[in-house]
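Report on one structure; see the data block that follows.
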Amino acid sequence: MTETDVTRTPQAATRLRELAFGAMSAGALRAALRLGLPDALGDTSATVEDLAREVSAHPGALHRLLRALACQGVFAEEPDGRYTHTEASRLLRADAPRSMRDVALWTTEPWTWEAWPHLDRAVRSGGSVFPELHGKQFFDYLHEDAPESAAALDRAMTQSSRTSAQDVTAALDLTGVDSVADIGGGQGLVLATLLERDPTLRGTLLDLPGVVASADRRLRDGGELAARATLVGGDCRVDIGVRADLYIVKNILEWDDDSTLRTLRNIVAAAAPGARVAVIENLVDETASMRFTAAMDLLLLLNVGGRKHTKDSLLTLIEQAGLRGRDVRAVNPSLHMFECTVPA
Ligand SMILES: C[S@@+](CC[C@H](N)C(=O)[O-])C[C@H]1O[C@@H](n2cnc3c(N)ncnc32)[C@H](O)[C@@H]1O
């Protein structure tokens, strides 16, 4: 393509310039959160000077940050130069009902800035860049070397589960189910929601030891659901020594296929014949938010050598692991549930 071709397509050139500055968008979002801007700005508009005082920032530099964010629809500048919230910036407030604060912080954690420049290497090799960059696997790095990022992940997972927990628990059929096990269940929000919904249900939360240590207060000793909850710290790829009528596997089969197969086979080995398994995932081919899922898919390649699945690729692994059942249905616009059973 010649230079002339580019000048004939200014929209394409502009779009490419904006894309190449994508790191600025993520960095500006993170800066706003770390400065506490979304929480500092209330229901009414504020001057840049007032906001700068509130968040201890340089007024001129803060104005530049706000202008860049406003170009993306995050905050808006009024004709008199005051700034106000938009729908998007309001979602960054800690007290917003469906707050995206922790999710945005997690997606822009320091490790992501180290990993993205190596995406070409990951695309060549088809695997994670973590062993080469840090000499260890992603979750080992997170828990051993970056505890702040590990805590940010747990908060983000709980936050995004908060928005989907009601949809997931409403979609799960608990007929004939006395016990449920959430494998890789994070801090246990989905499990706690289920136990609250059904007062006779017992539940087990299995996740990495550092994660269950900070499980939902309701599930921990002294919590109102603790008598019906068991917390297990472990590695689901190594062993799942938990018997349950229903296993939930939500947003964890996103790593390499070997880990996915090992996890599903460990469930088959632990479960009684006829036990049910609900695999819940964002699919890369059946989604209303392709830009997000495709981006997440690449982040998973970088950090765990994993991927977001298509419906067929996940069904193939489910079958290879020895599970039965092909009923796949939407739980909400971004999540699908694969309902499976452990064969006799
Ligand atoms: C994307 S989060 C999903 C959490 C939760 N299921 C949800 O939907 O909110 C992935 C979870 O898998 C857990 N995890 C990662 N490796 C694991 C392993 N080897 N064994 C058990 N859990 C693991 C992480 O700690 C994290 O809580």
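The values are calculated or read from the model by the stated rules, or taken from the named source; none is laboratory data. Because the structure is a prediction, the values reported are computed rather than measured. All Cβ positions, glycine included, derive from the backbone under ideal geometry; neighbour counts span all protein chains shown.
Just a few scattered comments:
- Residues that are within 25 Å of residue 172 (Cα to Cα), touching a residue at least 24 places away in the same chain (Cβ under 8 Å) and of a type in the set (A, V, I, L, M, F, W, C), drawn from region 293-328: 314, 317, 318, 321, 323
- Of all residues in region 233-274 being of a type in the set (Lys, Arg) and more than 8 Å from the ligand (Cβ to nearest atom), the one that is surrounded by the most Cβ atoms within 10 Å (Cβ to Cβ): 262
- When region 56-81 is filtered for residues that are among the hydrophobic types (A, V, I, L, M, F, W, C) and farther than 15 Å from residue 29 by Cα, only 57 remains.
- Some residue of region 173-186 being at pLDDT 90 or above, touching a Cys at 6+ places or on another chain (Cβ under 9 Å) and within 9 Å of the ligand (Cβ to nearest atom): yes
So that you can scan it fast, the table gives a plain yes or no per residue for (1) among the aliphatic types (A, V, I, L, M); (2) under 23 Å from residue 141 (Cα atoms):
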residue: 199; (1), (2): no, no
residue: 202; (1), (2): no, no
residue: 215; (1), (2): yes, yes
residue: 218; (1), (2): no, no
residue: 221; (1), (2): no, no
residue: 226; (1), (2): yes, no
residue: 234; (1), (2): no, yes
residue: 242; (1), (2): yes, no
residue: 248; (1), (2): yes, no
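- Residue count, region 246-286 (criterion: touching a strand residue (DSSP E or B) at 6+ places or on another chain (Cβ under 8 Å) and not in a strand (DSSP E or B)): 13
- Filtered residues of region 37-79 (kept if touching a residue at least 24 places away in the same chain (Cβ under 8 Å) and among the acidic types (Asp, Glu)): 39, 43, 78
- Region 148-163 residues that are closer than 13 Å to residue 110 by Cα and part of a helix (DSSP H, G or I), paired with ones that are among the basic types (Lys, Arg) and near the ligand (Cβ under 7 Å from one of its atoms) (beta carbon under 6 Å, 6 or more apart): none
- Residue in region 196-228 that is farthest from the ligand (Cβ to nearest atom), counting only those that are touching an Asp or Glu at 6+ places or on another chain (Cβ under 8 Å) and part of a helix (DSSP H, G or I): 218
- Filter pass, residue 153 being surrounded by 17 or more Cβ atoms within 10 Å (Cβ to Cβ), within 12 Å of the ligand (Cβ to nearest atom), under 30 Å from residue 301 (Cα atoms) and modelled with pLDDT under 95: yes
- Remark: pairs (first residue in region 197-212, farther than 17 Å from residue 264 by Cα; second residue more than 16 Å from the ligand (Cβ to nearest atom) and aromatic (Phe, Trp, Tyr); Cβ separation under 8 Å; 6+ apart in sequence or on different chains) are absent.
- If the condition is being part of a helix (DSSP H, G or I) and within 15 Å of the ligand (Cβ to nearest atom), then region 115-147 contributes 130, 138, 139, 140, 141, 142, 143, 144, 147.
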